[in-house]
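What follows is a set of notes on a single structure, which appears directly below.
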Amino acid sequence: RDVRLTLQGDSLTDQSPLRATPVGAATFAAVGPNRTVSVTWRVRVPLGATPGRYDVVGRATYRTERGQQSARTVVSSTVVAPITARLDPDHVTPAAGGTATSTLTVTDNLDQPIGLSWAAGPAPNITLPGPSTTLLRPGATATSAITVAAGEDALGVTTVPIHLRLQAAGQTAYGGALGLTVSVLLKDGRLYLTGNKVLTKAGAAWADYDLSFTAIPYQTGHSGQYAQAGWFFRAQDPTVATGAWNWPGSGYLWLLSNSGGPGVLSKIVLVNGNIASSTTTTLPFPITAGTLYQLRTVVRGSTLQTYVNGTLVDTTTDSTFPTGRVGFREDGDESASFGQLRVTAPDGQQLFDADFTDPADLGRFDGLS
């Protein structure tokens, strides 16, 4: 007697419910012996329902001569996201004052049309197009080009949120946000690095060469206590995680700074992620933050010579690494800018050249993504 049937779905992700409505009566005054009653339910899945697995629970309550009784059954169901969205690429590298493009790709996963609009969140010195709206057909995929414009004063790395809003069957819902990373590292022919470590993709087999470039160290290290510009040479294939303090793990790391003295050249040998040796050379002149320095390292066999503004300041003998790539190194809040990178073989052949005027130059380095 007094049989009552109910149905409800609950998300296993966040316990949000799905409401069900019976088609017809869901209560019965009495059910005779060996009789069966059933109810069909419409389960409403809102446009903004949490995607993932749901437990759909059916319950029956009833009375017998032994009092109130109940029974239940559980089945699993999956709610799919209404759309699938991605950015390609999700990391762009315009120069200051330049542009770069990413493509937003969205697929309608429902059996009905979806109105999609997207808008970019605010970002200092970064401009993206205004809100855009499109209509997605069931099962179809649409693309939208997003042009990112970097201001003349834009420098650094910013993640811009791309917010998605959906409309379907009279409902509106927030479709989530995608993060578009914008790295503005180039300005006026210089590569600006803060806490970055980069290596040329080419050069694993380079042996003897002249490495030359310009560097401007900034007084940002350890909350402004020192200025430093670092560079790698004869660096081996990475043996530690990209971006770690000791990446790439093996190679020579030279640091020009005013840390520990007015002008210091620190010489570090990294072997499999560990500092095998660290020595310093006191320079005959101070290193001043914001000043451009012409740097040159000449490697011939085990002889490693370093020049600053044309003056030979150090000769080191070390045979740990006979070959390897070159690159730049800033760690933590250390920052510097670099320009006019050249790697030249002893016979004058140019092995590598980057003037940092074209964002395509960044694609020739590891460590920037």
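Throughout, read-outs are computed from the coordinates displayed, never taken from laboratory work. The structure presented is a predicted model; accordingly, all values stated were derived computationally and were not measured. Quick reminder, even Gly has a Cβ in these numbers, built from the backbone with ideal geometry, and neighbours come from all protein chains shown.
Between residue 13 and residue 169, the C-beta separation translates, for a Förster distance of 35 Å, into a calculated FRET efficiency of about 0.95. Placing R0 at 41 angstrom, the Cβ-Cβ distance between residue 272 and residue 149 gives a FRET efficiency of 0.40 after rounding to 0.05.
Here Cα extents along the principal axes in Å was computed from the coordinates, and among (1) 193, 35, 28; (2) 73, 54, 45; (3) 103, 45, 38 the match is (3). Taking the Cα of residue 44, stepping 7 Å toward and past its beta carbon, and measuring to each backbone N in segment 1-27: which are under 13 Å? Of the residues in segment 1-27, 17-22 have backbone N under 13 Å from the label point off residue 44.
Just to confirm the filter: which trypsin sites (Lys or Arg not before Pro) across segment 136-235 are DSSP coil and have at most 16 other Cβ within 10 angstrom of their Cβ? Those that pass, being in a loop and sparsely packed, are 201.
Of all lysines in the structure, those lying under 24 Å Cα to Cα from residue 267, and not within fewer than 8 positions of it along the same chain, are 197, 201.
Summed over qualifying helices (DSSP H, 4 residues or more, each -39500 (n - 2.57)) and divided by its residue number, the chain shows a 222 nm mean residue ellipticity of 0 deg cm²/dmol. If the chain linking residue 134 and residue 285 were pulled fully straight, counting 0.36 nm for each residue of separation and taking away their Cα-Cα distance, it would gain 48.1 nm. By the count of other C-beta atoms within 10 Å, a proxy for reagent exposure, 331, 111 are ordered fewest to most as 111, 331.
Once backbone amide H atoms are built at 1.01 Å from N, residue 176 has 164 as its partners under 5 Å, excluding neighbours fewer than 5 places away on the same chain. Using the Cα coordinates of segment 127-204, the gyration tensor eigenvalues translate into equivalent-ellipsoid semi-axes of 36, 16, 12 Å, sorted from longest to shortest.
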